[in-house]
Amino acid sequence: MPETLDQVLAALPQRFPGAGGAVAVIREGQVVARHAWGFADLERRIPFTAETMFLICSISKQFTCATALMTAELDRTTDALEPALAARLGRMAQRPHAHHLAHNQSGLRDYWALTSLAGSPVEAPFTEAQSRRLTDRVETLHFTPGTRYSYCNQNFRILGDLVAERAGRPLGELMRSHVFDRAGMPTARLNADTTQVPGFTVGYEGSREEGFRPAVNRITWTGDAGVAASLDDLIAWDRHIDATRDNPESIHRRLSVPVAFADGATAGYGWGLSRGKLLGRYIVGHGGGLRGWRSFRFHAPAERLGVVVLFNHMADPRAAAAQVFAAALGEESPAPATGAPITWAGRYIDPETGLAARIEALANGQAALHFAGHPEVVAPAADGTWEAGTLRLRPEGGRVRMTRGSDNIDTWLAPVSGAAPMGIEGVYRSEEWGAEITIAMAGGVPYAACSGELGDGFMVPLIPYAEGIWLMPCPRSLDYSAPGDWTLAFDGEKLRVGCWLARHIEYRKIK
């Protein structure tokens with residue numbers, strides 16, 4: 001029997017233990033649930049409430065795009081921002097258009113991944129000037145604009161900068177007048193400095209078993225993830241979405257229109273919003289994450305139902321939102337399909353991206369794909385594929401066909417074997433990024449460290465993968481969403497480095 005909404009809300013603190021949190025459900029513009037628990041600051045014993053200010057992180061991207069639509073009519077024409085964008089990316093032979101930025105189709109490599117290659121320590125400050133210098137180095141892309149999807153935070157930082165420059169006003173002021181005031185979000189604001197949270201809410205790392213500790217963040221964010229808002233602000237946003245649902249010129253209607261790739265394939269992301277399905281229902285929304293801060297909000301237009309989950313700790317807000325959504329619909333959360341143990345687990349390489357793709361067999365007949373920075377668990381389907389959302393894996397003839405609908409990638413993963421190469425010690429340099437990777441042997445194990453304009457990173461032991469390939473782990477980085485394993489492909493004096501967020505970076509041995 002399905003759990004009631006009251007039962008699910010009451011169980012959230014135990015199912016997702018942490019410092020505190022808040023949840024809302026809005027149906028047909030009316031607040032069905034507005035629930036908060038725990039503490040915004042454990043030390044000072046300040047309760048977490050619906051008015052508690054919160055770093056919503058990447059949920060901010062839709063508000064940056066909304067501001068661009070309202071001030072530069074970016075969905076009508078890109079001409080207004082094109083000259084400034086061309087100047088900003090002037091070192092590039094091939095440049096994306098402004099709408100490519102808004103759809104994560106630019107081909108730019110994510111700068112939060114690149115900070116790791118630039119040698120940034122995990123909890124170091126990251127300033128606007130450092131961001132600008134890193135972006136100004138761009139000369140190449142990792143795919144042709146419009147052909148693929150790749151999550152890229154500076155798409156939205158650049159977009160926000162261009163909008164502010166064109167208007168001659170700060171981005172925060174533009175968001176306030178064009179979006180927040182119209183939607184009735186009185187306390188939402190651009191809060192670029194993550195060391196200063198309005199209301200002094202604290203985000204926490206750790207767990208119930210090991211204890212919770214305040215997370216340290218010194219990042220300056222703007223259009224990519226810089227908004228702070230309360231649960232009540234996000235409730236107001238969903239109510240505004242419902243109230244203006246029949247107006248094609250409303251902010252959210254313009255944000256949530258269908259988006260396509262250059263080949264006409266439907267894109268699962270556009271205007272700072274993901275499009276997809278949850279419990280079989282079409283939803284439009286976004287998540288957010290920073291060390292100590294996790295959030296997820298979405299709106300299901302057919303059901304006229306919105307859900308918001310905010311955690312000031314590291315539990316999974318999307319899983320919590322799915323449970324709340326199921327209860328609001330009066331349904332049970334479906335159990336994932338299981339099957340016989342798979343026989344095609346192993347090590348593969350994707351020829352298009354050049355990335356390692358390791359497939360791990362799970363005990364319940366599911367599989368975990370290690371490719372996109374975090375494990376993606378796929379379950380067996382009736383047609384012989386293993387699926388999770390728009391990801392499909394189909395083993396055939398010793399290879400595995402990987403279709404990633406959200407990325408517009410359809411490729412064959414090739415199995416790889418053999419021993420990872422030895423004799424790789426030395427210093428390798430990327431001229432484009434002004435960055436170096438130093439590899440040294442210690443006790444018969446190769447260690448690697450990245451260096452660049454942001455500092456000198458720690459030495460980490462490399463993981464052997466296959467002939468010509470080592471993996472350089474990166475489970476923790478300047479941003480919460482670490483790149484995961486970097487694929488290091490050696491070819492004589494050449495080294496190609498890549499991860500899902502930043503592919504095909506060329507290095508050459510210099511000593």
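The values are calculated or read from the model by the stated rules, or taken from the named source; none is laboratory data. Since the structure is predicted, the reported quantities are computational estimates derived from the model, not experimental observations. Methodologically, a virtual Cβ is constructed for each residue, glycine included, from the backbone with ideal geometry; neighbour enumeration extends over all protein chains shown.
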- Could you please find all residues in the stretch 428-446 being over 31 Å from the mean Cα position of the chain (by Cα) and touching a residue at least 60 places away in the same chain (Cβ under 8 Å)? none
- Message: For the stretch 73-113, which positions are buried (at least 22 other Cβ atoms within 10 Å of the Cβ), hydrophobic (A, V, I, L, M, F, W, C) and part of a loop (DSSP other than H, G, I, E, B)?
- Response: Leu74, Leu81, Leu108
- Is there a residue being without any contact (Cβ under 8 Å) to a residue 60 or more places away in the chain, over 22 Å from the mean Cα position of the chain (by Cα) and surrounded by fewer than 20 Cβ atoms within 10 Å (Cβ to Cβ) anywhere in the stretch 494-509? yes
- Using the structure shown, decide if Leu478 is of a type outside the set (Ser, Thr, Tyr), at negative phi and modelled with pLDDT of 95 or more. no
- All positions within the stretch 396-421 that are outside any strand (DSSP E or B) and out of contact with any Pro (no Cβ under 8 Å at 6 or more places or on another chain): Gly397, Gly405, Ser406, Asp407, Asn408, Val416, Ser417, Gly418, Pro421
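State yes or no: is Ala368 without any contact (Cβ under 8 Å) to a residue 40 or more places away in the chain and either closer than 21 Å to Val416 by Cα or not in a strand (DSSP E or B) (or both)?
Answer is yes for this residue.
Might you check whether a residue that is among the aliphatic types (A, V, I, L, M) and part of a strand (DSSP E or B) occurs anywhere in the stretch 59-70?
Restricting attention to the stretch 59-70, the residues satisfying the condition of being among the aliphatic types (A, V, I, L, M) are 59, 66, 68-70.
Still in the running and part of a strand (DSSP E or B): none.
No, the stretch 59-70 contains no residue that is among the aliphatic types (A, V, I, L, M) and part of a strand (DSSP E or B).
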- Note on the structure: Pairing a residue in the stretch 463-483 that is charged (D, E, K, R) with any residue that is surrounded by fewer than 20 Cβ atoms within 10 Å (Cβ to Cβ), where Cβ atoms lie under 6 Å and the two sit 6 or more apart in sequence or on different chains, gives Glu467/Gly418; Arg476/Val122
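Just the residues that are in a loop (DSSP other than H, G, I, E, B) and either of a type in the set (D, E, K, R) or crowded, with 16+ Cβ neighbours inside 10 Å (or both), please, taken from the stretch 371-389. Break it down stepwise before answering.
If we filter the stretch 371-389 for residues that are in a loop (DSSP other than H, G, I, E, B), which is where we start, we get 371-374, 381-385, 389.
Residues satisfying the conditions are Phe371, Ala372, Gly373, Asp383, Thr385.
Can you work out which of the residues in the stretch 375-416 that are among the hydrophobic types (A, V, I, L, M, F, W, C) and more than 27 Å from the chain's Cα centre (by Cα) is modelled with the lowest pLDDT? Reasoning before the result, please.
Step one: of the stretch 375-416, the residues among the hydrophobic types (A, V, I, L, M, F, W, C) are 377-379, 381-382, 386, 388, 391, 393, 400, 402, 409, 412-414, 416.
Then drop every residue that is not more than 27 Å from the chain's Cα centre (by Cα), which leaves 382, 416.
Numbers: Ala382: 89, Val416: 97.
Per the stated criteria, the residue is Ala382.
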- Message: Considering only the stretch 333-346, I want to know if a residue exists there that is buried (at least 20 other Cβ atoms within 10 Å of the Cβ) and not charged (D, E, K, R).
- Response: no
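Which residues, taken from the stretch 117-136, are within 25 Å of Leu471 (Cα to Cα) and in a loop (DSSP other than H, G, I, E, B)?
The first filter runs over the stretch 117-136 and keeps only residues within 25 Å of Leu471 (Cα to Cα), leaving 117-124, 134.
Ala118, Gly119, Ser120, Pro121, Val122, Glu123, Ala124 - these are the residues of the stretch 117-136 that are within 25 Å of Leu471 (Cα to Cα) and in a loop (DSSP other than H, G, I, E, B).
For the structure I just gave you, tell me whether Arg496 is part of a strand (DSSP E or B), under 21 Å from Arg109 (Cβ atoms), among the charged types (D, E, K, R) and touching a strand residue (DSSP E or B) at 6+ places or on another chain (Cβ under 8 Å). Quick ask: steps written out before the conclusion?
Numbers: part of a strand (DSSP E or B): yes; under 21 Å from Arg109 (Cβ atoms): yes; among the charged types (D, E, K, R): yes; touching a strand residue (DSSP E or B) at 6+ places or on another chain (Cβ under 8 Å): yes.
Criteria met by Arg496.
Taking the stated definitions as given, is Ala372 touching a Phe, Trp or Tyr at 6+ places or on another chain (Cβ under 6 Å), at pLDDT 95 or above and of a type in the set (Gly, Ala, Ser)? Spell out how you get there, then give the answer.
On the way: touching a Phe, Trp or Tyr at 6+ places or on another chain (Cβ under 6 Å): yes; at pLDDT 95 or above: no; of a type in the set (Gly, Ala, Ser): yes.
Against the criterion (touching a Phe, Trp or Tyr at 6+ places or on another chain (Cβ under 6 Å), at pLDDT 95 or above and of a type in the set (Gly, Ala, Ser)), Ala372 does not qualify.
Condition check ((1) closer than 15 Å to Val8 by Cβ; (2) touching a strand residue (DSSP E or B) at 6+ places or on another chain (Cβ under 7 Å)) across all residues:
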residue: Ala265; (1), (2): no, no
residue: Gly270; (1), (2): no, no
residue: Ser274; (1), (2): no, yes
residue: Val284; (1), (2): no, yes
residue: Gly287; (1), (2): no, yes
residue: Arg304; (1), (2): no, yes
residue: Ala315; (1), (2): yes, yes
residue: Ala319; (1), (2): yes, no
residue: Ala335; (1), (2): no, no
- Query: What is the number of the single condition among (1) surrounded by fewer than 15 Cβ atoms within 10 Å (Cβ to Cβ); (2) within 24 Å of Glu123 (Cα to Cα) that Pro483 does not meet?
  - Reply: (1)
- Message: Please go through the stretch 1-37 and give me each residue that is crowded, with 21+ Cβ neighbours inside 10 Å and more than 23 Å from Leu329 (Cα to Cα), ordered by number.
- Response: Gly18, Ala19, Gly20
- Query: Filter the stretch 258-284 for residues that are out of contact with any helix residue (DSSP H, G or I) (no Cβ under 8 Å at 6 or more places or on another chain) and of a type in the set (Phe, Trp, Tyr); which is surrounded by the most Cβ atoms within 10 Å (Cβ to Cβ)?
  - Reply: Tyr269
- Task: Working only within the stretch 273-301, note down all residues that are under 16 Å from Asn104 (Cα atoms) and charged (D, E, K, R).
- Result: Arg275
- Message: It is to be established whether one or more residues within the stretch 5-18 are outside any loop (DSSP other than H, G, I, E, B), closer than 30 Å to Ser106 by Cβ and out of contact with any strand residue (DSSP E or B) (no Cβ under 8 Å at 6 or more places or on another chain).
- Response: no
- Message: Show me the helices (runs of 4 or more DSSP H) found entirely inside the stretch 154-257 where at least 1 residues are surrounded by fewer than 20 Cβ atoms within 10 Å (Cβ to Cβ) and in contact (Cβ under 8 Å) with a residue 60 or more places away in the chain.
- Response: 154-167, 231-243, 251-255
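Residues being among the aromatic types (Phe, Trp, Tyr) and under 30 Å from Ser250 (Cβ atoms): count how many of those fall in the stretch 169-219. Spell out how you get there, then give the answer.
Going residue by residue through the stretch 169-219, those that are among the aromatic types (Phe, Trp, Tyr) are 180, 200, 204, 212.
Restricting the remaining residues to those that are under 30 Å from Ser250 (Cβ atoms) gives 180.
Looking only at that region, the number is 1.
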